[in-house]
Amino acid sequence: MSDILSKIKKANLVGRGGAGFFVAEKWLSVAKALESKSADNKKCFVVCNAAEGEPGVMKDGCILEHYAARVIDGIKIAIDFLSAERAFLYLNYAYHKKLNKKLASLIKDAKIEIFVKPINSGYIGGEESAILNAIEGKRIEPRLRPPFPTTSGLWGRPTLINNVETFYNVSLVAAGQFKNTRFYTISGDCPFEGVFELPDNLTVEKILKQTDNFPKFPFFIQVGGNVSGEVFNAKQLKRPASGAGAITVYSQAKNDFKKVVKNWLNFYVNESCGQCAPCREGIYRLRDVFMKEKIDWRLFNDLLDNLSDASFCALGAAAAVPIKSLIKNVYHEKN
Amino acid sequence: MQVAHDNGIEIPNLCYHPDLPVKANCRVCVVEIVDRKNLATACSTPVAAGLEIKTDSERVKRSRNLNLELIFAEHIKRCPTCIWRFNCQLLEYAEKYKIEITHFSDRKSKRKVYKFANAVEIDGRQCIDCRHCLDVCNDVQKINYLKLTGKGIDQEIVPASEHRGLPFIGKKAKPADCIYCGQCALHCPAGAAQEQSHWHLVEKALRDKSPLPPFVKGGKVLVAQFAPSIRVSIGEEFGAPYGKIMSGQVVAALKKLGFNYVFDVNFGADITTIVEAEELVARVKSGIPPDKGGQRGVLPMLTSCCPAWIKYIEFYRPDLMPNLTTARSPQSHSAGLIKTYWAEKMKINQKNILTVSIVPCTAKKFEAGRAELKIRGNWPIDYCLTTRELAWLIKKHGIDFFKLKPAASDNPLGESSGAAAIYGATGGVMESALRTAEYLLATARDTVCLEENKKNKMSLKAGHGRVEFKQARGLAGVKEAVVELAGKKLRIAVVNGIGQIQPVFDKLNNYDYIEVMACPGGCIGGGGQPIPTTKEIIKKRLEALYKIDAGASVRRAHENKEALRALRWLKGKGKLRAQVLYTKYRKKS
């Protein structure tokens with residue numbers, strides 16, 4: 001096993017994009033996919049996902065602003081590890097505007113190309129297989145799995161896709177400086193919104209307390225992003241902030257049930273790519289059912305279950321998470 | 001899904017087609033795999049050893065039924081006049097799974113209906129977003145006319161001209177136009193892409209048929225003619241096995257519907273073969289360089305029976321219009337002769353004849369409306385109905401197709417050769433023309449012999465050469481061969497589906513004669529054929545056509561005596577002859 005892979009494995013690096021996949025495992029599966037190809041067919045690609053499309057997550061932008069050199073270094077390590085053809089830095093439009101010059105000067109003549117996330121690609125434009133379509137100039141929406149990008153990604157070649165923070169961590173691990181911290185985005189009804197670097201095993205409660213953000217009013221929180229994160233009540237805070245490491249604080253006085261759910265549903269109706277029936281049609285009907293004076297809860301729940309059970313991609317399944325958990329953990333009397 | 005099907009377990013689905021890539025977007029084929037968190041779609045899940053799969057658990061039922069209800073709400077119900085009604089998968093599943101089809105209100109009732117000439121339409125009000133039409137138009141046919149615009153609930157199938165570019169990255173599409181092949185309709189599971197229906201006009205004409213006998217002044221004579229490939233496919237609409245030959249039933253059904261006369265377009269196909277073979281020989285013969293005293297004929301010669309191919313040339317490659325044979329298509333030949341030759345024989349004013357052509361094709365509707373095909377100011381064909389439309393009329397009128405006593409088509413325009421039968425197959429036009437061209441070259445004739453007294457002599461001589469040119473057969477995308485006809489080497493190519501044309505365009509000068517059929521398989525896989533049509537089904541239909549050919553007593557077009565008689569009647573009729581037999585093409589933009 002190569003040096004870098006064993007280091008990553010030893011550090012137990014976990015992907016920071018949200019799904020929490022083991023980094024070493026992903027790298028290894030791309031390497032394995034390459035092994036099975038003939039000598040003249042070993043082309044592969046690396047993609048750094050800097051789309052950061054989930055509202056309430058801002059850490060990748062922050063990392064790129066302060067530690068861009070580390071991120072580029074991490075990408076280069078991956079290129080070397082796989083002897084990749086080239087890498088794409090799939091960059092959020094706003095970050096590109098702000099950091100383009102800096103990034104270009106860091107990349108210099110490395111085999112890294114900045115690909116700006118198309119401004120109209122929306123939420124789905126951050127889904128990893130939709131990114132592949134975007135780079136290839138196809139309609140931006142998730143691809144059917146299997147095959148997974150690790151075996152058949154960009155132009156059918158094995159492709160490694162990792163998040164900005166993951167490449168940052170790879171660079172630290174390579175230099176022996178990884179200290180088991182991560183970047184938490186805290187937002188919502190709290191005094192100190194922003195990105196905080198703290199140990200990666202802290203509970204939500206501790207994170208909120210250490211950043212002086214623990215609310216003194218009735219509240220609930222959402223972990224993992226403003227639209228796809230899971231909702232917990234004030235008694236459920238002894239858990240790590242998993243996923244993309246975002247914590248959103250909601251004051252119960254300011255955010256009644258109807259308003260919060262309506263916002264989520266509006267967001268998903270606008271952002272569904274339209275490929276599959278449970279998401280395209282289901283979310284539209286969910287909103288319909290929800291906006292009626294008398295809500296048909298049975299149908300509402302069936303539509304939610306169908307969304308998590310039968311959607312084409314993980315984003316469709318994720319759309320059910322906040323609503324289900326809000327009802328279960330905060331407004332259980334509603335159902 | 002395939003494995004389940006092969007083992008007798010039917011899993012419902014709407015967006016699965018064996019010839020197209022798996023899209024897994026309808027989510028109707030969900031199944032439960034034990035120990036997996038979410039449901040899986042049967043169409044996209046490869047089988048593996050040890051999978052325990054439940055296809056009808058409560059969880060599966062709930063999800064599948066809900067997805068069906070959601071999809072129903074995308075589709076307005078115009079069932080009473082929808083020719084898809086008797087085959088509708090949506091209605092079938094609704095009944096099978098006891099689904100409330102109006103659980104949700106119609107979402108798309110204000111969507112546009114896009115009409116392409118008089119041939120094909122895409123009704124956004126009925127579309128269930130399966131995207132089959134995109135796959136066939138862009139990836140199979142490579143026409144790139146249909147586009148997906150918008151996203152989420154706003155996504156919509158639109159013609160290229162309406163495409164707003166989102167959410168594609170700023171790529172400008174090349175100008176594209178519909179060739180009316182109807183493959184979108186053939187692959188649509190919901191009747192959203194459909195032929196523009198004309199059955200109601202035909203039904204009205206049949207209903208309003210003058211009570212007077214046709215030969216009394218003012219009486220209308222209703223004449224139907226049916227294309228070579230209808231007879232081996234229409235049975236499927238009534239549950240017959242694939243490739244069942246049903247010529248007799250088709251005639252009987254048309255008579256039962258009220259047509260006075262029923263003719264076989266195979267007769268017209270023999271005329272086409274003769275005209276086309278004569279032109280091929282002329283072009284090849286004059287292919288002597290000018291310095292050797294000859295005039296170079298425009299080669300390669302291209303077939304022109306396929307109206308979608310004609311539209312393709314006129315729009316995309318007008319530079320090749322001189323290469324197209326000037327012969328009209330079989331349906332135009334036979335209809336033209338019905339309204340002139342037969343009309344005179346029967347002493348009926350051609351204005352009192354109404355011809356309805358039953359075709360496997362949507363583009364034929366467009367062809368029938370082409371002004372340059374008018375004869376003495378009249379359209380040879382009044383209406384074109386697809387195979388599906390005819391089947392619908394038969395069902396709608398409660399006719400028991402299988403119980404009909406088979407009938408023969410009417411004479412004299414009923415006789416035909418085996419060469420005509422295979423017109424429905426890719427390579428069939430080529431093969432038929434080669435049979436007659438070989439005769440012409442071997443006998444050193446420019447035209448086939450029409451005189452009565454030489455008739456027998458001709459039949460003797462017709463023994464020249466082979467009958468079967470197997471190089472032209474089969475379902476390969478492009479079939480190439482060099483065939484020797486009476487010492488003359490002819491380089492031929494057969495293009496099976498317009499999507500396969502590019503490599504042939506790339507080396508056009510390598511050929512003398514090229515057949516192109518826009519639909520994969522030829523007319524047998526045409527846009528107006530029964531649904532489903534798949535590669536496997538096409539194979540069965542093809543076998544049936546070659547069976548008809550092999551069993552025919554006459555296998556060469558120029559041995560069809562009735563065809564020769566009709567051509568003889570036309571001889572010396574200058575302008576009329578030209579109007580009945582030949583056509584010209586116009587650049588389209």
Per the Kirkwood treatment, what hydrodynamic radius in Å, one decimal, follows for region A:257-334 from the mean inverse distance over all distinct Cα pairs? 12.3
Counting only protein heavy atoms and leaving out ligands, DNA and RNA, the solvent-accessible surface of A:K324 at a 1.4 Å probe, in Å² to the nearest 10, equals 70
Using a simple spin-label model with points 7 Å from Cα along the Cα→Cβ vector, what separation in nm is obtained for A:S83 and B:D319? 4.4
Enumerate the aspartates and glutamates that B:K244 could reach by cross-link, defined here as Cα to Cα under 15 Å, with residues fewer than 8 away along the same chain left out. B:E236, B:E536, B:E543, B:D549
Under a 1.4 Å probe, counting only protein heavy atoms, A:E197 has an accessible area in Å², nearest 10, of 80
Hey, any idea what % of region A:181-251's accessible area is carbon plus sulfur with a 1.4 Å probe? 52
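Which whole-number value in Å³ per residue fits the convex hull of the alpha carbons of region A:181-251? Don't jump to the answer; show the numbers that get you there.
Values: hull volume 5.0 nm³, N = 71.
Expressed per residue, the convex hull around the Cα atoms of region A:181-251 is 71 Å³.
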Expected vector for region A:44-53, Karplus 3J(HN,Hα) from phi with 6.51, -1.76, 1.60 and θ = phi - 60°, integer Hz, x for Gly and Pro, equals 8, 10, 10, 10, 9, 7, 10, 6, 6, x
Above-threshold pairs, the threshold being 32 Å between Cα atoms, out of B:K285/B:K571; A:K108/B:K23; A:K292/B:K110; B:K535/B:K584: A:K108/B:K23; B:K535/B:K584
HN-Hα couplings for region B:436-446 via Karplus (6.51, -1.76, 1.60; θ = phi - 60°), in whole Hz with x for Gly/Pro, come out as 6, 4, 5, 4, 4, 5, 5, 9, 6, 9, 8
As I understand it, the dipole of region A:2-174 uses +1 on the Cβ of Lys and Arg and -1 on the Cβ of Asp and Glu, about the Cα centre. Which of A:Y123, A:L172, A:S105 lies farthest toward its positive end? A:S105
With +1 on each Lys and Arg Cβ and -1 on each Asp and Glu Cβ, and nothing else charged, work out how big the dipole of the protein assembly as shown is about its Cα centre, in Debye to the nearest 20. 2160
Rounded to the angstrom and largest first, Cα extents along the principal axes for chain B equal 81, 61, 44
Pull up the cross-link candidates among the lysines for A:K10, meaning alpha carbon to alpha carbon under 18 Å and not fewer than 8 places away within one chain. A:K26, A:K179
Rounded to the nearest 10 degrees, the helix B:247-257 long axis (Cα) sits at an angle to the longest Cα principal axis of chain B of 80
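Normalising by the residue count of region B:444-589, find the relative contact order in percent from Cα pairs under 8 Å and 6+ residues apart. Mind dumping the intermediate values first?
Working: 122 pairs, mean separation 23.6, N = 146.
The normalised contact order for region B:444-589 reaches 16 percent.
Tally up the carbon and sulfur contribution to the accessible surface of region B:470-589 as a whole percent, 1.4 Å probe, everything protein left in place.
Values: 2630 of 5200 Å².
Here carbon and sulfur together make up 51 percent of the probe-accessible area.
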Which ³J(HN,Hα) values, rounded to whole Hz and listed in residue order, are derived for region B:39-50 from phi using the Karplus coefficients 6.51, -1.76 and 1.60 in 6.51 cos²θ - 1.76 cosθ + 1.60 with θ = phi - 60°, glycine and proline given as x? 5, 10, 8, 4, 5, 10, 9, x, 6, 9, 5, x
Relative to the first principal axis of the alpha-carbon coordinates of chain A, what is the inclination of helix A:93-107, with its axis defined by its Cα atoms, in degrees from 0 to 90 and to the nearest 10? 20
Tilt, helix A:257-271 to longest principal axis of chain A (alpha-carbon atoms), in degrees rounded to tens, equals 40
Quick check on the protein assembly as shown: helices-only [θ] at 222 nm, where DSSP H runs of length 4 and up contribute -39,500 (n - 2.57) each and the sum goes over total residues. Nearest 500, please. -10500 deg cm²/dmol
With chain A treated as a Gaussian network of Cα nodes joined by springs under 10 Å, which of A:L265, A:L299, A:L198 yields the largest mean-square fluctuation? A:L299
Å³ per residue enclosed by the Cα convex hull of region A:2-174: 110
Lys/Arg Cβ at +1, Asp/Glu Cβ at -1, dipole of region A:257-334 taken about the Cα centre: which of A:F267, A:S308, A:G282 is farthest positive-ward? A:F267
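Counting DSSP beta bridges in region A:2-174, what percent are antiparallel, to the nearest 5?
Numbers: 1 of 17 bridges.
Looking only at bridges with both residues in region A:2-174, the antiparallel portion is about 5 percent.
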With no solvent and one equal point scatterer per Cα, compute the Debye intensity ratio I(q)/I(0) for region B:1-88 at 0.20 Å⁻¹ and report its log10, rounded to two decimals. -1.02
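Given the protein assembly as shown, what percent of its DSSP beta bridges are antiparallel, to the nearest 5? Present the calculation step by step, with values, prior to reporting the outcome.
Values: 42 of 84 bridges.
Of the beta bridges lying entirely in the protein assembly as shown, close to 50 percent run antiparallel.
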Interface size B-A, as summed buried accessible area [1.4 Å probe, Å², nearest 100]: 3100
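Write down the percent of antiparallel bridges among all DSSP beta bridges whose residues are both part of region A:181-251, to the nearest 5. Before the final figure, lay out the partial values.
Working: 16 of 20 bridges.
In region A:181-251, approximately 80 percent of DSSP beta bridges are antiparallel ones.
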Expected integer from the mean partner chain Cβ neighbour count at 10 Å over A:302-312 is 6
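Dipole magnitude of chain A about its Cα centre, charges +1 at Lys/Arg Cβ and -1 at Asp/Glu Cβ only, in debye to the nearest 20?
On the way: 46 positive and 35 negative charges, 41 e Å.
Charge dipole, chain A, about its Cα centre: 200 debye, nearest 20.
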Residue list for region A:87-108, given a label point 7 angstrom along the Cα-to-Cβ vector of A:H66 and an amide N cut-off under 18 Å: A:95, A:99, A:103
Within straight-line cross-link reach of A:K43, aspartates and glutamates at Cα separation under 12 Å, skipping those fewer than 8 residues along the same chain: A:E35, A:E85
What Kirkwood Rh does the protein assembly as shown have if only Cα atoms enter the pairwise 1/r average? Answer in Å. 31.3
Rel. contact order, % - alpha carbon contacts under 8 angstrom, at least six apart, region A:257-334: 26
Could you state how much accessible area B:R27 has, in square angstrom rounded to the nearest 10, with a 1.4 Å probe and all protein chains kept in place? 20
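So with the 1.4 Å probe, I'd like the accessible area per residue for the protein assembly as shown, rounded to whole Å². Walk me through the intermediate numbers first.
On the way: 37250 Å² over 924 residues.
The answer is 40 Å² per residue.
The values are calculated or read from the model by the stated rules, or taken from the named source; none is laboratory data. If you're wondering where the values come from, they're calculated on a predicted model, not measured in any experiment. Ideal geometry is used to build each Cβ from the backbone, glycine not excepted, and the neighbour counts take in all protein chains shown. Calculation scope for accessible area: heavy atoms of the full protein, side chains included, ligands and nucleic acids excluded. Shrake-Rupley method; radii C 1.70, N 1.55, O 1.52, S 1.80 Å.
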